[in-house]
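Let me begin by presenting the structure, written as structure tokens, before commenting on it.
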Amino acid sequence: MATMESILPETPLEGGLLGRAQYWFACLFALGWTGVVGAGLFTQLVLGEQPPCPFCVVQRMFMLLAATGAAYIVRTALTHGALTGRDYMTGWGLALAAVAAGSFASWRQAALHAVPAAGGRGGQGSQGSHVLGLHLDVRAWILFQASAVVVGIVLASAHATADRAVPTSGPGPYRAAGQLALWLLGLVVAVSGLAVLLQEGAHWFLPDDPQRYEFFRDLRILGG
């Protein structure tokens, strides 16, 4: 005998402004961190700025990891058209761990700049880089801290936006924005990996104060 649950149709997921707002925020979060890393790669590879120090490279990795957390949410919404509480916890949890670790890395680099004698040469590669009167590591620390606060707020309100339909199944701004965020993140991750390969070459560690791309130097040595 059929049960009542098998007779009744499955209740469709409800839409809602909050669920859509969280999806847009995930897209902007991923695009924002992707843009920060992309701008650094542009100044490095196109404008010819000095290669980044190891601390800068580590911070870029955590920035991309934070973007990946938001990208997980975007990808899930594009695939299923809805997000559960577990999806939010997975994506934003990854982002929160990334910005916390990135915040520590940028703070450590700023401390080395403030007291260079105590830290030796570590992290000196970007010491001359300033934006609006602040070292780039200080600005990165501010961005990481602000992101941690915002992600915490989003996680605290995720119960109100979970299990809400997001209109990503067909053509439209929701799907276009999500695909743009994912494609740009993938592109920047690939370029970032290539930049590190060129900078490190066949060596195990990046130099503390990089002046050249070791990959091309290694090729000249191998070529005689």
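The values are calculated or read from the model by the stated rules, or taken from the named source; none is laboratory data. These numbers come from a predicted model, not from an experiment. When the accessible area is computed, the model is the full protein with side chains, heavy atoms only, and any ligands, DNA or RNA have been set aside. Shrake-Rupley method; radii C 1.70, N 1.55, O 1.52, S 1.80 Å.
Details
- Shape of the range 49-104, Cα gyration tensor, a/c cut at 1.5: oblate
- Estimated at the nearest 10 Å², the accessible area of residue 175 is 70 Å² with a 1.4 Å probe.
- Figure note: 106, 157 ranked by solvent-accessible area, largest first, 1.4 Å probe, ligands and nucleic acids not counted: 157, 106.
- Contour minus Cα-Cα distance for residue 146 and residue 18 (0.36 nm per residue): 44.0 nm
- The order of 104, 205 by accessible area, most exposed first and with a 1.4 Å probe, is 205, 104.
- List 214, 49, ordered by accessible area with a 1.4 Å probe, largest first: 49, 214
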